[in-house]
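The values are calculated or read from the model by the stated rules, or taken from the named source; none is laboratory data. Note that the coordinates shown come from a computational prediction; the quantities given were computed from them, not determined experimentally. All Cβ positions, even for glycine, are placed from backbone atoms using ideal geometry, and neighbour counts span all protein chains on display.
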Amino acid sequence: MSGPPFASIWFDCDSTLSAIEGVDELLRWAPAALRGEVAALTRRAMEGSLPLDAVYGQRLRLLAPRAEHLEAVGRLYCEHAVPDAREVVAALRALGKQVGIMSGGMLPAVRALAQQLGIDPRLVHAVALSFDAGGAYRDFDRASPLSRNGGKAELVRALPAPLRPLAFVGDGATDLETQGAADLFVGYGGVAVREVVRARAQRWFATPSLAPVLDFVLTADERSRLAQQPEFAALLARVRPTGN
């Protein structure tokens, strides 16, 4: 396990940067009979008891989201951004670090959150969807590693040298798989606690605010540099990690 300084910090989206699960939000437009089935599939995949590739396409086939539904989920991501997410991203970027999102979520919606948080769209990795001319769902990018287990670790290993060393922050089983590929994995339980992640993560915290992550991914010198910038004083006051 390596410690800071890190060249880049990567975050999961659902239940990490935003307090919702995008696929679950698509249930708003689904027949009532499907809602329990889809929610159960999502829960089992996040907990690691069911392979992601066994449920990814099945959920989308059942839900058949329209393009406008993805736009709505993007707005919901933004409305439910985790406390201090934008401030944490701003602080990391002020220190010259690259900040990215790596998510099994749906790319159009994840991009909307990235834009609100000030994250470079070139550092946003999620699963692309295709729609017909009328906006009806056609398919997802079946070649995307992010639609299956091990995909995040695969993409982390493929990141170029200027982005290393790097830390990854996430809440779910597929995020935990980056441990070893990333130089540090930080488990986040402020939205949802996945027991497997809490038990195995190199670092862990479970506050509603994302601010405590700075204590794990910054050096003392980097925190001191932030403290000299008045706009980050309130954020640094909330850096009180809980857990190991």
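For region 1-23, a tally of residues being of a type in the set (A, V, I, L, M, F, W, C), outside any loop (DSSP other than H, G, I, E, B) and out of contact with any Leu (no Cβ under 7 Å at 6 or more places or on another chain) returns 1. So, in region 201-232, of the ones that are assigned to a loop (DSSP other than H, G, I, E, B), of a type outside the set (A, V, I, L, M) and in contact with a strand residue (DSSP E or B) (Cβ under 7 Å, 6 or more places away or on another chain), which residue ends up nearest to Leu117 (Cα to Cα)? Ranking the qualifying residues of region 201-232, first place goes to Pro212. Of everything listed in (1) modelled with pLDDT of 95 or more; (2) surrounded by 24 or more Cβ atoms within 10 Å (Cβ to Cβ), the single unmet condition for Ala181 is (2). Condition first: of a type in the set (D, E, K, R) and more than 26 Å from Ala173 (Cβ to Cβ). Now tell me which residues in region 132-149 satisfy that. Matches in region 132-149: Asp132, Arg138.
Does Leu113 satisfy the condition of being in contact with a Leu (Cβ under 9 Å, 6 or more places away or on another chain), touching a residue at least 60 places away in the same chain (Cβ under 8 Å), of a type in the set (A, V, I, L, M, F, W, C) and surrounded by fewer than 22 Cβ atoms within 10 Å (Cβ to Cβ)?
no
The set of residues in region 21-50 that are modelled with pLDDT of 75 or more and within 18 Å of the chain's Cα centre (by Cα) comprises Glu21, Gly22, Val23, Asp24, Glu25, Leu26, Arg43, Arg44, Glu47. Looking only at region 142-160, decide whether some residue is touching a Gly at 6+ places or on another chain (Cβ under 8 Å), surrounded by fewer than 21 Cβ atoms within 10 Å (Cβ to Cβ) and either of a type in the set (Val, Ile, Thr) or at positive phi (or both). No, the conditions are met nowhere in region 142-160. Beta carbons closer than 8 Å, at least 6 apart along the sequence or on distinct chains, pair a first residue in region 41-61 that is closer than 17 Å to Ala143 by Cβ and among the hydroxyl-bearing types (Ser, Thr, Tyr) with a second that is at pLDDT 80 or above and part of a helix (DSSP H, G or I) for Tyr56/Ser147.
Of the residues that make up region 56-77, is at least one of a type in the set (S, T, N, Q) and either in a strand (DSSP E or B) or crowded, with 18+ Cβ neighbours inside 10 Å (or both)? For region 56-77, residues of a type in the set (S, T, N, Q) and either in a strand (DSSP E or B) or crowded, with 18+ Cβ neighbours inside 10 Å (or both): absent. None of Asp183, Asp171, Asp215 is within 14 Å of the chain's Cα centre (by Cα) and in contact (Cβ under 8 Å) with a residue 24 or more places away in the chain except Asp171.
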